[in-house]
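First up is the structure itself, then whatever we jot down about it.
The values are calculated or read from the model by the stated rules, or taken from the named source; none is laboratory data. Here the structure is a predicted model, which is why all the values come from computation and not from measurement. Cβ coordinates were reconstructed from backbone atoms using ideal geometry, including for glycine residues, and neighbour counts include every protein chain displayed. The accessibility values were calculated without ligands, DNA or RNA, using every heavy atom of the protein model including side chains. Shrake-Rupley method; radii C 1.70, N 1.55, O 1.52, S 1.80 Å.
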Amino acid sequence: MELMIEVVTRNNKVLALHKVQGETIRIGRAYDNDLVLQEEHVCPYHAELKLSEDGSLLLVDSGSVNGIKDKHNKQLKPVEMVTSGDVFVFGKVFIRVLLPLHSVAPAKKINVIEDIARAANHWYWSLLAIAIYFLILLVDKYYETYQEVIWSKLTVTAIFSVLALFIFPLLVSIAARVFKKDVKFFTIVTFCYLLAICWLVLAAIGSVLLFNWGDNVSIYIGAELIDYALLMIFLGGSFYLASNMSLQRIAGVSTVLVLAIASLSYINDKGDDKVKLFPTMNSKVLPSKWLLASPESADSILVETQSLYEKATLEAKRRNAEADK
Amino acid sequence: MQLFRHLVVSCLVLFSFIFSFQTKANEAEALFSNYSPALVQIKCINIESGQKSSIGTGFFISESGHIVTNYHVISNFIQSPEQYRLELLDNNEQTHIVDVVDIDVINDLAILDAKQPWPVHFPLASEPPTKGQEIYSLGNPHDLGMIVVPGTYNGIKSKSFYKRIHFTGSINSGMSGGPTVDEFGNVVGINVASAGNQIGFLVPVDRLFNLREQALETLDVKKEEAFFVERITKQLTENQSALFQDLIQSEWPLYSLGQAKVPNELSDFMPCWGDSNQDKEKELYTAASTNCALNERIYLSSDMTTGHAQMGFSWIHSDKLNELQLATLFTQTLNRQYSRNNAGQDDVTDFYCQEALINNTLKTTSKGISCVRAYRKYPGLYDVRFHSLLLDKNDQTLVGRYVLQGVSETTAQSFFTKFVESISWN
């Protein structure tokens, strides 16, 4: 008789595979067993696998201290019939017994994402992404300064920002180690910095839109949606690079997380309904050559601002009604 | 002989000085003893704690028991009548509960009712004193007891929209609402404010005539909170209309700030001040600013004043900074908080803002942000803020801002149009 015995995790991840032969296959902690399980709750001679008279495979307990359990933690009888693929628990070790002709799943084709992830796993891509991010930051800081430019200070600030972002690839890499995934460190670094670059570029485009149509609600909604889309890509990518979840499950988990974050953010922004005594102005000014929208006359602005008075009056009524309760 | 003559003249001068001083002292003493029964302390008592929350002075103006004081002395009672009661303490240390008959928040006056006849009262002067005339302010400063402060009448305060007498004499906290009288005891003004050393302000007595007439019309009406809210709303609405009507209809004087043309002092009572960053080293840009503000505000409660208006401009220019760096500076200047907030959390709503690109008839293009919040208690009145920034030039800009407090939508919209249409490049 020839059997495959896999030592597996609770989640069926294979840790070791043993091919064993013999009329009787003995399992235990003693070194003269056919399958040696080095775990303190396993007896030196814990159980035997043997064929019955009718040819079926049996698992026989050799009078062990802790007995044998199935994968649902149910204690088994001293003699149990075995079907190929059954999982048994010896002490704290999970093993799966397979006959040589046990069917296996067809091979999966390596998907495009995996191809890209492998291709990107080179130090020079990471370095390039970091360098581009650093340069964009430096240029951004330079244009944000209207005092005397001190390049050493700008550079140090940009370096600190680059280093601060490095925490994300580090966390994703650690997560990959924890979930026993092949760590593609440089892919993770490149992925994180590319996302940060995308965010900066989109923020620049957002500035132009704000400058032109700053009062338009759809710009704020669009900006929020883009932020959440980037967050979704970050979470999806991180799960892919750090875990063994399927693409469908990654999409599902990422969506749930983004929705949860959006809901929490909404609740937080809603606040305590306290009046803000100064208006928050987030207007954006750019050089006039970036002006794409058409200005309006003072008279038409007057008509538009009437709604502000209506809204304020309605709020006053609402607050008064609440206070009277 | 000449020496003897000098000695005699000197003695005469000294004697006349001592005599006049003595006479004035006697006049003050006589005034005080004659009218002290008509002079009382007004206390606003917090019912929960049983302690006074504000004190001031009041004086009787009729035998039927009507008392005059400042609105700000009794504002707690008007704003929250369920939490406060008003008491007067007479010169015999007797306490009486008083009611409010009517108020005038614009002139900071209130008429109270002692609900009993009062034998002594102050007569009201029918003519204003002459400039330089000796007048006497009466009151109870810092709860120390009633005193007389002699001083001089210096006419009506200049550069002020609200008519106030300039009194050269010390008016201290607690004297608010007390009368200032001439040598015959006729009330010429009501103590209202102080501006430091020997500069005091009085509400002219003619303002009291108006309030007295108005009060007579509603003498039989039972006064509840809603009555006073309606009164205040009406007074504020009429006042803002009068204040801004002239301002908006008049031709605004213009002057050059850098390369821009901006409105200068709109009126005597809205003086302007200027500043620049030229004294600062290492600045890569030039910034010059002006700021014009109304000197007075209308007191409504300890948390809220209104009637303030402020307008300012900043011209920024640089040939050392590039366009994008200047755009960052412009953005920060445009969004910077301007002027003060004069309202409490429970008095107003949130601000509602709208941004727009504006073309005025003088062919300038600007970015403007209008913000509005409503008064919760006084319907139809709003605080309005407007920030704007000229976009036509990349090496310079003009940021214009204004704040109007307690204005109607019509006033705010007219001011907006006038403001936007007054700004241009040289």
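Could you tell me which of rounded, prolate or oblate describes segment B:38-120, using a ≥ b ≥ c as the square roots of the eigenvalues of the alpha-carbon gyration tensor, with rounded for a/c under 1.5 and, failing that, prolate when a/b is larger than b/c and oblate otherwise? Each step should come with its number before you reach the end.
Numbers: a/c = 1.85, a/b = 1.24, b/c = 1.50.
It is oblate, given that a/c is not under 1.5 and a/b is not larger than b/c.
With everything on Cα atoms, drop me the angle between helix A:247-270 and the longest principal axis of chain A, reported from 0 to 90° to the nearest 10. Orientation of helix A:247-270: about 40 degrees from the principal axis. Over all Cα atoms in chain A, the spread is summed up by Rg and Dmax: 31.8, 101 Å.
With a Förster radius of 35 Å applied to the C-beta separation of A:ASP54 and A:ALA262, the computed FRET efficiency comes to 0.05. Inter-label distance, A:ALA251 to B:ASP246: 7.3 nm, where each label sits 7 Å from its Cα along the C-beta direction. Taken residue by residue and averaged, Cβ atoms of other chains lying within 10 Å of the Cβ of B:384-394 number 3. Build a GNM of chain B with springs between Cα atoms under 10 Å apart, and of B:PRO129, B:PRO141, B:PRO253 the one that fluctuates most is B:PRO253.
Assuming a ≥ b ≥ c are the square roots of the Cα gyration tensor eigenvalues, decide whether segment B:244-425 counts as rounded (a/c under 1.5), prolate (otherwise, with a/b larger than b/c) or oblate. Intermediate results must be reported in sequence, preceding the final value.
On the way: a/c = 1.74, a/b = 1.64, b/c = 1.06.
Cα axes put segment B:244-425 in the prolate bin.
Of the whole protein surface, A:ARG96 contributes about 50 Å² of accessible area at a 1.4 Å probe radius. When the surface is traced with a 1.4 Å probe over the full set of protein chains, B:MET175 keeps roughly 0 Å² accessible. Considering only B:ILE147, A:ALA158, A:HIS41, and ranking their Cα positions along the charge dipole of the protein assembly as shown that arises from unit charges at the beta-carbon of Lys, Arg, Asp and Glu, the one farthest toward the positive end is A:HIS41.
Mean-square fluctuations from a GNM of chain B, with a 10 angstrom spring cutoff on Cα atoms, peak among B:ALA287, B:ALA195, B:ALA125 at B:ALA195.
Taking the Cα centre of segment B:161-259 as the origin, how large is its charge dipole in debye, to the nearest 20, when only Lys and Arg (+1) and Asp and Glu (-1) carry charge on their Cβ atoms? Intermediate results must be reported in sequence, preceding the final value.
Numbers: 8 positive and 12 negative charges, 44 e Å.
I would put it at about 200 debye.
Listed by chain and number, the lysines placed with their C-alpha closer than 17 angstrom to that of A:LYS50 are A:LYS19, A:LYS77; residues fewer than eight positions away on the same chain are left out. FRET efficiency for the A:VAL14 to B:ASP346 pair, using the beta carbon distance and R₀ = 60 Å, is estimated at 0.35. What shape does segment A:1-81 take by its C-alpha gyration tensor, where a ≥ b ≥ c are the square roots of the eigenvalues and a/c under 1.5 counts as rounded, a/b above b/c as prolate, and the rest as oblate? Verdict is rounded for segment A:1-81. Phi-derived couplings, Karplus 6.51 cos²θ - 1.76 cosθ + 1.60 at θ = phi - 60°, listed residue by residue for segment A:162-168: 4, 5, 4, 5, 5, 4, 5 Hz, with x used for Gly and Pro.
Calculate the translational D of the protein assembly as shown in whole µm² s⁻¹ from Stokes-Einstein, where the hydrodynamic radius comes from the Kirkwood formula applied to all Cα pairs, the temperature is 37 °C and the viscosity 0.692 mPa s.
Working: Rh = 34.1 Å.
Estimated via Stokes-Einstein, D reaches 96 µm²/s.
When both segment A:204-242 and segment B:73-127 are represented by their alpha-carbon centers, they are found 62 Å apart. For A:LYS181, the aspartates and glutamates whose Cα comes closer than 17 Å to its Cα, not counting residues fewer than 8 places off in the same chain, are A:GLU114, A:ASP115.
In sequence order, segment B:71-83 has phi-based couplings of 4, 5, 5, 10, 4, 4, 5, 5, 6, 9, x, 6, 9 Hz under the Karplus curve 6.51 cos²θ - 1.76 cosθ + 1.60, θ = phi - 60°, and Gly or Pro positions carry x. Counting only residues at least eight positions apart within a chain, or on another chain, the lysines with an alpha carbon under 19 Å from that of A:LYS276 are A:LYS311, A:LYS317, B:LYS377.
For A:VAL217 and B:SER33, a Förster radius of 60 Å and the Cβ-Cβ distance give a FRET efficiency of 0.25, rounded to the nearest 0.05.
With the simple spin-label model, which puts each label point 7 Å out from Cα in the Cβ direction, the A:PHE179 to A:ALA105 separation comes to 1.6 nm.
For the set A:ASP61, B:ASP279, solvent exposure ranked by accessible area (probe 1.4 Å, protein chains only) runs largest to smallest as B:ASP279, A:ASP61. How tilted is helix B:409-420 with respect to the longest principal axis of chain B? Cα atoms for both, answer in degrees (0 to 90, nearest 10). So the helix axis and the longest Cα principal axis differ by about 50 degrees. In chain B, the longest principal axis of the Cα atoms and the axis of helix B:225-249 are about 60 degrees apart. Placing pseudo-labels 7 Å out from each Cα toward the beta carbon at B:THR410 and B:GLU48 gives an inter-label distance of 4.1 nm. With the convex hull drawn over the C-alpha atoms of chain B, the volume per residue is 205 Å³.
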